[in-house]
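See below for the structure under consideration.
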2 protein chains.
Amino acid sequence: MEVPIIDEDHAERVLSELEDYQISHGSLLKVPRGLVDFESPTALARPVGVSIVPTIFPQPQFEQAQYIQRLFNELYIKVSEDDAWLETITRPLARVDEFVAKLWSIWERVRDEGEVQKLRCGIFRSDYMLHCSDLRNLDRGATSDEDIRKDLIGSKLKQVEFNTYSCAGGSHATMVANMHRYLAQKGTHEATNLPANNALRSIVEVLAKAHHAYVPTSGTRKRAILMTVQPNNVNICDERPIEYALSECDPPIILYRVEFSDEVMQSCSLGPDRELLFRPPSRSQPLEISVVYQRAGYDSHEYDEQGVGARLMLEKSRAIKCPTILSHIAGLKKVQQELTRPGALERFLDPEGASILRPTFAPQFPVDESEDGRNALRIASDREAAENYVLKPSLEGGGHNIFGRDIPDFLEAIPPQEKNKYILMEKIRPPMSHGILVSPMMIFQGPVISELGILGACIWRRDGQNAEIITNSRGGWTFKTKPHDVEEMSVVKGYGCFDCPSLF
Amino acid sequence: MEVPIIDEDHAERVLSELEDYQISHGSLLKVPRGLVDFESPTALARPVGVSIVPTIFPQPQFEQAQYIQRLFNELYIKVSEDDAWLETITRPLARVDEFVAKLWSIWERVRDEGEVQKLRCGIFRSDYMLHCSDLRNLDRGATSDEDIRKDLIGSKLKQVEFNTYSCAGGSHATMVANMHRYLAQKGTHEATNLPANNALRSIVEVLAKAHHAYVPTSGTRKRAILMTVQPNNVNICDERPIEYALSECDPPIILYRVEFSDEVMQSCSLGPDRELLFRPPSRSQPLEISVVYQRAGYDSHEYDEQGVGARLMLEKSRAIKCPTILSHIAGLKKVQQELTRPGALERFLDPEGASILRPTFAPQFPVDESEDGRNALRIASDREAAENYVLKPSLEGGGHNIFGRDIPDFLEAIPPQEKNKYILMEKIRPPMSHGILVSPMMIFQGPVISELGILGACIWRRDGQNAEIITNSRGGWTFKTKPHDVEEMSVVKGYGCFDCPSLF
């Protein structure tokens, strides 16, 4: 392992440069009142976890991930509109997964009533890790900087997941990229090849474009964007900058936050032409919502009776959804796994496109009664064999995975039919690099693992079961790094840290 | 008293709009580690005190304050270079005030060695309150909104003090002005006539201009601006935005912070041509400092032997000082009081200029053996008469004042010669308005008092004892509001709140 890049004497000064930058730029997590022993009528905030020094990442793989993003956007746009295909996946899953059943039934009701809005907006994020089958691994002891770079450059880009719903991190990633570029300029660290990041701008631009594409039912009402949010949100510094940047557009676009689902029910209603009417607490006249930007409604617990009702109202409305219920469903892990089946990609892309994307897929299998499924079950029931796998529920997002040797006992303990909820994915074995991280939890210096996310920003129109693509753009990136021995990349919990790749 | 503008139900939502804006934009105070019971390797931050709704302020007086700023700049530029006149004030004061003696002796040594830099930069702030001799006062019970407006519009603009050194608040004021304009746009409050604020930009522009005006001794060294700061600063959100904005200039200008006086002594030295050389911890090559921007060195306790040595080195150097030791001395309360003497203004301004500024002066007197001084002592020794006065030490800044009935006992308790340190100023009697404030200390709703500060940004060249003015501009404003019954406007202590005038 190479020497650390900063010495102890220097550390305090570097930390104060970092934390002052973060405090001044809102690179923070809100601390809910009551968490700390501190009497104050106002909230507190603390810097979000960040790398102290940018972590190295190979430029070819970084560029590859950028390059293929528009193809992934296209794939998921087409998957989103192919509800016949989605139904073949969702129907069996819905029998064992109540959440999936609820989402699908919302779609069915929307479909049966007939959609009044065919335009869709999507903000996607494709997450990758590097995978290396032959590691000169840090685990195996001291490794030179040269060996680390060899491992990284020789590794393959593998997709962890493709997120279609409530993709977070764009604002934080933009701020941390700017911070590291600033610190480099000031000589605080020596990283030189730091890519710019337009993540926040691309999110704002696609929402603004969708807002302007919305055709109102009457010319008299003021229009606004609605962002659904979870109550007691600590991650406001990722969401709010989008709102503020929209207000600086010319002409300004106002975005209102509503908590899902209480406030949605209290403040929203459908007009005679299914326009989504929103009454802000401070205004007497309702506004007409142009775009519903979803930053809540991804956890199953949010879908009680009221939650289903709220989601249904939003989906049925004339507002452009970012994303629709179908795009939401397209982000299920089960869909990702189905796309790895031979021939599946070719349903949506030409052979060349399919051949570009397929190498980024990690092997993954259903856990069901099919032949593949029975093979997967055999692996998953064997402690040794399971070591190299991760079991993932079909939910959106991370944080519910079961890893390696824990899989057999876990599968043993659940009812047999529940198994079908899961997919079994070969573990990505990322080469480690050296990192220096600080979060509210820790100061860490040692072997780390990074995850690269590439954002996509799209607008399209449904046409039958096809899609007419209007905007398909790459939208910046997120880059997160964690200590090598932590399974979760959670930034809110203080393990994962926003980072900027130092490309080589 | 008029009804509050927000009702209780609405308050929580408005507070969350405010605090999210503040957290996202760095409108914060840093919470030093150890102050709160919260284990974390990183600092915390909390929103700085702000008005929840903009406080009303009369437009004519706001415009008058803007209008006269360039004249005040000119006055203090000329005072700064008239060291013969300053000496007549400083000499007697230095006998009883050790701090003044130290500052003046620094000037004498700089003068005797000969200055190598004749360019000066000044960032000033002239502070005002409204004064009303006949108040339909909130103290006297319920007052209608109409009466409040009458009191405000009928009042006179009176200068509290003119600050020449380390003028703070420009960044906070800019953020809070932007915040209230944003909240108005969103309909969170109904204030409509909210002035824009270019305070931060004007500070950055004058520093950038001074940086480019600096003629280096050699073309090879990199140049940077140096900002002196106090250790363990909680107010980084007022200072750091200047640094970040300078880095976004084209070409970028790098600003380094050094703590006064330890780090100044460790990292700075004078080159053969008295160029100020600075070695950042992270670079091996020293930089040549173009501008020394003082945000420390205003408290007497900072001037131990090392503090005097550090200040002397900075003053002797070729760097452009913002401000010089002479401008620093020009900001003494004693100078402000001397300028109110008949004929004093005419030494520096033409009769028309003098007649424009004089009405903003509150009556103020020396406390010494002169006839005026003996009169002042008579007032100050009488509890009844002293009621309408405030006793101010000659120090820069506020926070050491003795008010009204406390004056006689205070003067009784100090050695007779110490009295000469002070000036006696008639209390400004500001009309109150209704305000709603939130700070880490309190949520307050009731009668409030506001203070308006107008920034000035100047560059000039000393020419004998005269000044050749190169840049003389108004530079935005600060506006702070406090509960009417609190003497101090301290934002850091949580009494004063940054605010935006709602002009009428």
Does any residue of segment A:454-477 turn out to be closer than 30 Å to A:Ser16 by Cβ, open to solvent by 10 Å² or more (accessible area, probe 1.4 Å) and of a type in the set (Phe, Trp, Tyr)? no
Is at least one residue of segment B:217-226 in contact with a Pro (Cβ under 9 Å, 6 or more places away or on another chain), open to solvent by less than 10 Å² (accessible area, probe 1.4 Å) and away from chain A (no Cβ under 11 Å)? no
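With closer than 26 Å to A:Ile402 by Cα and either within 23 Å of the chain's Cα centre (by Cα) or small (Gly, Ala, Ser) (or both) as the only criterion, which of A:Ala354, A:Ala330 stands out?
A:Ala330
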Considering residues of segment A:41-78 that are more than 14 Å from every other protein chain (Cβ to nearest Cβ) and among the basic types (Lys, Arg) only, the residue most open to solvent (accessible area, probe 1.4 Å): A:Arg70
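Only one of A:Arg341, A:Arg383 is basic (Lys, Arg) and outside the structural domain of A:Ser300 (by TED's automatic domain parsing). Can you tell me which? Walk me through it before giving the result.
Numbers: A:Arg341 fails: outside the structural domain of A:Ser300 (by TED's automatic domain parsing).
Going through A:Arg341, A:Arg383 in turn, the sole match is A:Arg383.
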Of (1) assigned to a loop (DSSP other than H, G, I, E, B); (2) in contact (Cβ under 8 Å) with a residue 12 or more places away in the chain, A:Val486 fails just (2)
Filter pass, A:Phe410 being without any contact (Cβ under 8 Å) to a residue 60 or more places away in the chain, outside the structural domain of A:Ser166 (by TED's automatic domain parsing) and open to solvent by 30 Å² or more (accessible area, probe 1.4 Å): yes
Among the candidates B:Ala191, B:Ala208, residue that is under 30 Å from A:Pro286 (Cβ atoms), in contact (Cβ under 8 Å) with a residue 12 or more places away in the chain and among the small types (Gly, Ala, Ser): B:Ala191
Of all residues in segment B:278-310, which are within 14 Å of B:Glu259 (Cβ to Cβ) and within 14 Å of chain A (Cβ to nearest Cβ)? B:Phe278, B:Pro280, B:Pro281, B:Arg295
Reported set for segment B:438-451 where residues are within 14 Å of chain A (Cβ to nearest Cβ) and farther than 16 Å from B:Leu29 by Cα is B:Ile443, B:Phe444, B:Gln445
Does any residue in segment A:280-296 that is free of Cβ contacts under 8 Å to residues at least 60 places away in the same chain come within less than 7 Å, Cβ to Cβ, of a residue that is in a loop (DSSP other than H, G, I, E, B) six or more places away or on a different chain, and which pairs are these? A:Pro280/B:Gly187; A:Ser282/B:Gly187; A:Ser282/B:Thr188; A:Arg283/B:Gly187
Go through (1) away from every other protein chain (no Cβ under 11 Å); (2) in a helix (DSSP H, G or I); (3) open to solvent by 10 Å² or more (accessible area, probe 1.4 Å) for B:Leu194 and report which single condition fails. (2)
A:Ser133: passes all of (1) modelled with pLDDT under 95; (2) assigned to a helix (DSSP H, G or I); (3) among the hydroxyl-bearing types (Ser, Thr, Tyr) but (2)
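The rows are residues; the columns are (1) within 24 Å of B:Cys132 (Cβ to Cβ); (2) of a type outside the set (Ser, Thr, Tyr); (3) outside any strand (DSSP E or B); (4) touching a strand residue (DSSP E or B) at 6+ places or on another chain (Cβ under 7 Å).
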position	(1), (2), (3), (4)
B:Ala354	no, yes, yes, no
B:Phe365	yes, yes, no, yes
B:Arg374	no, yes, yes, no
B:Ala385	yes, yes, yes, no
B:Val390	yes, yes, no, yes
B:Pro408	no, yes, yes, no
B:Lys419	no, yes, yes, no
Residue check, B:Arg201 against (1) assigned to a loop (DSSP other than H, G, I, E, B); (2) in contact with a Ser or Thr (Cβ under 8 Å, 6 or more places away or on another chain); (3) more than 11 Å from chain A (Cβ to nearest Cβ), all met but one. Which one? (1)
Which one of the conditions (1) modelled with pLDDT of 95 or more; (2) assigned to a helix (DSSP H, G or I) does B:Arg341 fail to meet, given that it meets all the rest? (2)
Just a yes or no: is a residue in segment A:159-177 open to solvent by 40 Å² or more (accessible area, probe 1.4 Å), under 22 Å from A:Ser27 (Cβ atoms) and either of a type outside the set (Phe, Trp, Tyr) or within 17 Å of the chain's Cα centre (by Cα) (or both)? no
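The values are calculated or read from the model by the stated rules, or taken from the named source; none is laboratory data. All values derive from a computational prediction rather than experimental measurement. Every residue, glycine among them, receives a Cβ derived from its backbone with ideal geometry; neighbour counts consider all protein chains shown. Remember, those area values only see protein heavy atoms, side chains included, never the ligands or the DNA or RNA. Shrake-Rupley method; radii C 1.70, N 1.55, O 1.52, S 1.80 Å.
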